[in-house]
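Undergrad: Pasting a structure here, questions to come.
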Amino acid sequence: MRKQIVAGNWKMNNDLAETLALLTDLQKQTQTSNAEVMVAPAFTNLYKAFEALKDSNIEVIAQNMHYAENGAYTGEISASMLKSIGINTVILGHSERREYFNETDESLAKKVDAALEKGMRIIFCFGEELADRKSGNEGTVVENQIKNALFHLSAAAFQNIILAYEPVWAIGTGETASPEQAQDMHAFIRKTLANKYGADIAEEVSILYGGSCKPGNAQEIFSKPDVDGGLIGGASLKAEDFYAIVNAF
Ligand code: 13P
């Protein structure tokens with residue numbers, strides 16, 4: 001049975017005091033679902049966050065990393081640095097990284113390899129822009145993003161990969177993919193995986209939806225058979241909202 005996961009991507013929000021306050025609030029919430037819960041604070045707050053949540057069932061994860069092990073890459077963070085403070089999961093390929101920091105399928109493939117080599121789990125993000133959907137190209141765009149960054153991997157590597165379909169037009173816009181649009185795309189993604197790696201592998205990979213997921217729409221989206229959870233931006237910054245989404249399963 002594949003895992004249900006709800007992960008909060010805090011993006012560039014919350015200083016240290018705000019981070020610790022939100023973590024305290026999160027720990028006061030009651031979880032009634034079986035979903036795995038993760039939160040991704042900013043780099044500067046990761047270590048304290050990890051320490052604060054060490055004995056909880058919320059995993060602290062990173063929003064990004066560099067592909068090199070170490071070296072002259074000013075301002076960057078490596079997989080070993082994350083591992084050294086207890087972080088075992090990293091988000092890679094977010095559309096904001098692709099758009100504002102020039103991340104490409106090629107650089108992401110290197111990041112994926114570096115994370116896997118260190119035994120990390122990856123939440124790999126991808127998704128089409130509005131123009132792609134308007135022109136009916138969303139399937140091709142998504143398929144290429146997945147193939148270019150992931151299809152050099154062995155089938156076994158997918159034990160450590162979680163996919164996150166995040167249509168760019170739905171991120172932070174208040175406009176969500178309809179549950180049917182999400183299901184159609186998630187089923188297409190699973191079929192793309194099955195064609196390359198076989199149905200057994202494809203059935204085991206969790207595929208999360210991200211893009212204006214809120215307490216009011218999470219349940220309907222998560223009720224779809226190929227939607228295994230969510231990657232949550234804005235609504236993950238309020239403990240009650242985030243847990244309303246966690247408990248939407
Ligand atoms: P919002 O939930 O704010 O639309 O952001 C989604 C997202 O980008 C999660 O990674």
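Undergrad: As an exercise: evaluate residue 118 against (1) over 17 Å from residue 91 (Cβ atoms); (2) in contact with a helix residue (DSSP H, G or I) (Cβ under 9 Å, 6 or more places away or on another chain); (3) open to solvent by 50 Å² or more (accessible area, probe 1.4 Å) and give the number of the one condition it does not meet.
TA: (1)
Undergrad: Could you tell me which of the residues 57, 70 is touching a Ser or Thr at 6+ places or on another chain (Cβ under 7 Å) and open to solvent by 40 Å² or more (accessible area, probe 1.4 Å)?
TA: Working: 57 fails: touching a Ser or Thr at 6+ places or on another chain (Cβ under 7 Å).
Unique residue meeting the criteria: 70.
Undergrad: Return a yes/no flag: does the stretch 79-88 have any residue that is closer than 15 Å to residue 164 by Cα and not aromatic (Phe, Trp, Tyr).
TA: Initially, the stretch 79-88 is screened for residues closer than 15 Å to residue 164 by Cα, giving none.
Within the stretch 79-88, none of the residues are closer than 15 Å to residue 164 by Cα and not aromatic (Phe, Trp, Tyr).
Undergrad: Same structure again: Looking at the stretch 18-31, is at least one residue part of a helix (DSSP H, G or I), within 16 Å of the ligand (Cβ to nearest atom), more than 23 Å from residue 126 (Cβ to Cβ) and open to solvent by 10 Å² or more (accessible area, probe 1.4 Å)?
TA: Restricting attention to the stretch 18-31, the residues satisfying the condition of being part of a helix (DSSP H, G or I) are 18-28.
Remaining after also requiring within 16 Å of the ligand (Cβ to nearest atom): 22.
Next cut, more than 23 Å from residue 126 (Cβ to Cβ) only: 22.
Then drop every residue that is not open to solvent by 10 Å² or more (accessible area, probe 1.4 Å), which leaves 22.
Yes, the stretch 18-31 contains a residue that is part of a helix (DSSP H, G or I), within 16 Å of the ligand (Cβ to nearest atom), more than 23 Å from residue 126 (Cβ to Cβ) and open to solvent by 10 Å² or more (accessible area, probe 1.4 Å).
Undergrad: Could you check how many residues of the stretch 32-54 are touching a strand residue (DSSP E or B) at 6+ places or on another chain (Cβ under 9 Å), open to solvent by 40 Å² or more (accessible area, probe 1.4 Å) and within 20 Å of residue 229 (Cβ to Cβ)?
TA: 1
Undergrad: Can you pull out the helices (runs of 4 or more DSSP H) entirely within the stretch 183-249 that have at least 1 residues that are surrounded by 18 or more Cβ atoms within 10 Å (Cβ to Cβ) and within 12 Å of the ligand (Cβ to nearest atom)? Steps first, answer last, please.
TA: Numbers: elements: 199-204, 215-222, 239-246.
Here the list reads 215-222, 239-246.
Undergrad: If you don't mind, there's one more thing I want to ask. Filter the stretch 122-155 for residues that are within 16 Å of the ligand (Cβ to nearest atom) and either surrounded by fewer than 18 Cβ atoms within 10 Å (Cβ to Cβ) or small (Gly, Ala, Ser) (or both); which is farthest from residue 207 (Cα to Cα)?
TA: Filtering first and then ranking leaves 130.
Undergrad: Does residue 87 satisfy the condition of being in contact with a Leu (Cβ under 8 Å, 6 or more places away or on another chain), of a type outside the set (Asp, Glu) and open to solvent by less than 80 Å² (accessible area, probe 1.4 Å)? If you could, list the steps in order and put the result at the bottom.
TA: Numbers: in contact with a Leu (Cβ under 8 Å, 6 or more places away or on another chain): yes; of a type outside the set (Asp, Glu): yes; open to solvent by less than 80 Å² (accessible area, probe 1.4 Å): yes.
Criteria met by residue 87.
Undergrad: For a quick check of your reading of the model, give me the residue pairs whose first member lies in the stretch 58-70 and is under 19 Å from residue 98 (Cβ atoms), whose second is part of a loop (DSSP other than H, G, I, E, B), with beta-carbon atoms closer than 6 Å and at least 6 apart or on different chains.
TA: What qualifies is 62/87; 65/77; 66/73; 66/76; 66/78.
Undergrad: Now, a different point. Name the single residue that is most open to solvent (accessible area, probe 1.4 Å) among those in the stretch 156-182 being among the small types (Gly, Ala, Ser) and not in a loop (DSSP other than H, G, I, E, B). Step through it out loud before you land on a result.
TA: Keep residues of the stretch 156-182 that are among the small types (Gly, Ala, Ser), which gives 156-157, 164, 170, 172, 174, 177-178, 182.
Narrowing further to those that are not in a loop (DSSP other than H, G, I, E, B): 156-157, 164, 170, 182.
Values: 156: 65, 157: 18, 164: 0, 170: 0, 182: 0 Å².
In this case the residue turns out to be 156.
Undergrad: Which residues, counting only those in the stretch 37-57, are of a type outside the set (Gly, Ala, Ser) and in contact (Cβ under 8 Å) with a residue 40 or more places away in the chain? Even if it seems obvious, please write down each step before you answer.
TA: Kept after step one, since they are of a type outside the set (Gly, Ala, Ser), are these residues of the stretch 37-57: 37-39, 41, 43-48, 50-51, 53-55, 57.
Scanning the stretch 37-57 gives 37, 38, 39, 46.
Undergrad: Give the residues of the stretch 1-17 that are open to solvent by 70 Å² or more (accessible area, probe 1.4 Å) and within 16 Å of the ligand (Cβ to nearest atom), sorted by residue number.
TA: Within the stretch 1-17, 12 is the sole residue that qualifies.
Undergrad: Of all residues in the stretch 116-155, which are in contact (Cβ under 8 Å) with a residue 40 or more places away in the chain and in a helix (DSSP H, G or I)? Please lay out each step first, then the result.
TA: Step one: filter the stretch 116-155 for residues in contact (Cβ under 8 Å) with a residue 40 or more places away in the chain, giving 116, 119-129, 138-139, 142-143, 145-153, 155.
Once the filter is applied, which keeps residues that are in contact (Cβ under 8 Å) with a residue 40 or more places away in the chain and in a helix (DSSP H, G or I), the stretch 116-155 yields 116, 138, 139, 142, 143, 145, 146, 147, 148, 149, 150, 155.
Undergrad: The conditions are (1) away from the ligand (no atom under 16 Å from the Cβ); (2) among the basic types (Lys, Arg); (3) crowded, with 18+ Cβ neighbours inside 10 Å, and residue 97 fails exactly one of them. Which is it?
TA: (1)
The values are calculated or read from the model by the stated rules, or taken from the named source; none is laboratory data. Note that the structure is a prediction, hence the values are computed from the model and not measured. Using ideal geometry, Cβ is built from the backbone for each residue, glycine included, and neighbour counts are taken over all protein chains shown. Note: accessible area is taken over every heavy atom of the protein model, side chains too, but ligands, DNA and RNA are not part of it. Shrake-Rupley method; radii C 1.70, N 1.55, O 1.52, S 1.80 Å.
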